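Colleague: Questions regarding the structure given below will be posed in turn.
The values are calculated or read from the model by the stated rules, or taken from the named source; none is laboratory data. Quantities reported herein were computed from a predicted structural model and do not represent experimental measurements. Backbone-built Cβ (ideal geometry, glycine too); neighbour counts: all protein chains shown. Keep in mind that these areas ignore ligands, DNA and RNA; they rest on the heavy atoms of the full protein, side chains included. Shrake-Rupley method; radii C 1.70, N 1.55, O 1.52, S 1.80 Å.
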Amino acid sequence: MKNGKSILKLGISPLIIITMLYFFTASCKDNSTYKINTLRVGVIPDAELKYLMQIHEPLLKHISKSLGIEYKLMIPDSYEQLQEWFHQKKIDMAYFGGITFLNAHKNSGAIPIVARDIDYSFYSYYIVRKNSNIQSTIESKKQRICFGSRLSTSGHVMPRYFLEKEGISPEIFFSEVIYSGTHYNTIKFINENLCDIGVVSSTIFNKLADSKTISISNIRILSKTPPYIDNVWAIQPYISKDLKIKIRNAFLNIDYHNPLQREILENIGAKSFLPISIIQLKDLLEAKDLIESLPL
């Protein structure tokens, strides 16, 4: 009872002590004994469902085989839903755009593990119709601009960031700012004359052009943004250190010189995966702060 009296003298209720002990014990249990039988994986819905399945399934089959763990690919309806799934622990690992990763890192403790080599020097295209008179971004004043999702790093945030650095505020400079939702839709909107200039991921645009999923015969690349870091693969903080290392190594060990594994990498437009840390996302953090300060 002596210890109990000391606690009461400090003004700490026994109920609070019990509650604190409960949450501490639960937290320790989550981090040390949480067992994953099926790795639930979510990816940003930045293109059509069929295309997303086509590029991610071979990669995840390889990761699953390397780990000896089954996987389940889950594709949300929006960037926001992917963040919600991660926060609600409905998925264990996610392929985020740069900005959605930063949100998940801040709100849910997402841990970055790898990025594709191309994500270290990513860029976006400004596109117009081939018969457009627009020859430069500055000539698109008072025209309709089409971004992708508001949370898309390559389809909105970084292109806006670079425009703002040039003194171009989209809501003032352009006649209308339209959000298409995906890169695919932005290309479609340009094709259908629903907007005059669009912003898309260079990688997705090139992949769609090669696959002939959507016609780009009437589209011209106007220019591209400066390079920036974009997509990140991240895991939940409850995943054990051992499993984290195994997952990271499963990505890093994919060998471009192995014909079977090369196909996996070519599917996603890469030649290798590289480790990544939050420190390397300085430009994204600055862009995120800028966007959050704007009344969008």
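Colleague: How many residues does the range 107-159 hold that are modelled with pLDDT of 95 or more, open to solvent by 10 Å² or more (accessible area, probe 1.4 Å) and aromatic (F, W, Y)?
Modeller: Count: 2.
Colleague: Now, a different point. Quick check on my filter: what residues within the range 242-264 are within 22 Å of I69 (Cβ to Cβ), without any contact (Cβ under 8 Å) to a residue 24 or more places away in the chain and not polar (S, T, N, Q)?
Modeller: Correct list: D242, I245, D255, L260.
Colleague: For the range 184-195, check the following and say yes or no: at least one residue is more than 16 Å from G98 (Cα to Cα), under 17 Å from the mean Cα position of the chain (by Cα) and in a helix (DSSP H, G or I).
Modeller: The answer is yes, given that some residue of the range 184-195 is more than 16 Å from G98 (Cα to Cα), under 17 Å from the mean Cα position of the chain (by Cα) and in a helix (DSSP H, G or I).
Colleague: Touching a Pro at 6+ places or on another chain (Cβ under 6 Å), touching a residue at least 40 places away in the same chain (Cβ under 8 Å) and more than 30 Å from G68 (Cβ to Cβ) - does that describe any residue in the range 213-229?
Modeller: Looking for residues that are touching a Pro at 6+ places or on another chain (Cβ under 6 Å), touching a residue at least 40 places away in the same chain (Cβ under 8 Å) and more than 30 Å from G68 (Cβ to Cβ), one finds at least one in the range 213-229, hence yes.
Conditions (1) out of contact with any His (no Cβ under 9 Å at 6 or more places or on another chain); (2) β-branched (V, I, T); (3) crowded, with 19+ Cβ neighbours inside 10 Å; (4) not in a helix (DSSP H, G or I), marked per residue:
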| site | (1), (2), (3), (4) |
| --- | --- |
| I239 | yes, yes, yes, yes |
| L243 | yes, no, no, no |
| K246 | yes, no, no, no |
| N249 | yes, no, no, no |
| K271 | yes, no, no, yes |
| L284 | yes, no, yes, no |
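Colleague: Residues that are assigned to a helix (DSSP H, G or I) and closer than 30 Å to N133 by Cα: does the range 217-232 have at least one?
Modeller: The answer is no, given that none of the residues of the range 217-232 is assigned to a helix (DSSP H, G or I) and closer than 30 Å to N133 by Cα.
Colleague: Next question. Going through the range 188-208 one residue at a time, which ones are more than 11 Å from Y125 (Cα to Cα) and either in contact with a strand residue (DSSP E or B) (Cβ under 9 Å, 6 or more places away or on another chain) or in contact (Cβ under 8 Å) with a residue 60 or more places away in the chain (or both)?
Modeller: F189, I190, N191, N193, L194, C195, D196, K207, L208
Colleague: Provide a single number: the residues in the range 192-233 that are surrounded by 23 or more Cβ atoms within 10 Å (Cβ to Cβ), among the aliphatic types (A, V, I, L, M) and under 30 Å from K89 (Cβ atoms).
Modeller: The number of residues fulfilling the criteria is 2.
Colleague: Look at the range 252-267 and say how many of its residues are crowded, with 19+ Cβ neighbours inside 10 Å and either in contact with a helix residue (DSSP H, G or I) (Cβ under 7 Å, 6 or more places away or on another chain) or among the hydroxyl-bearing types (S, T, Y) (or both).
Modeller: Summing the residues that are crowded, with 19+ Cβ neighbours inside 10 Å and either in contact with a helix residue (DSSP H, G or I) (Cβ under 7 Å, 6 or more places away or on another chain) or among the hydroxyl-bearing types (S, T, Y) (or both) in the range 252-267 gives 2.
Colleague: So which of E164, E84 ends up being modelled with pLDDT of 95 or more and not in a strand (DSSP E or B)?
Modeller: E84
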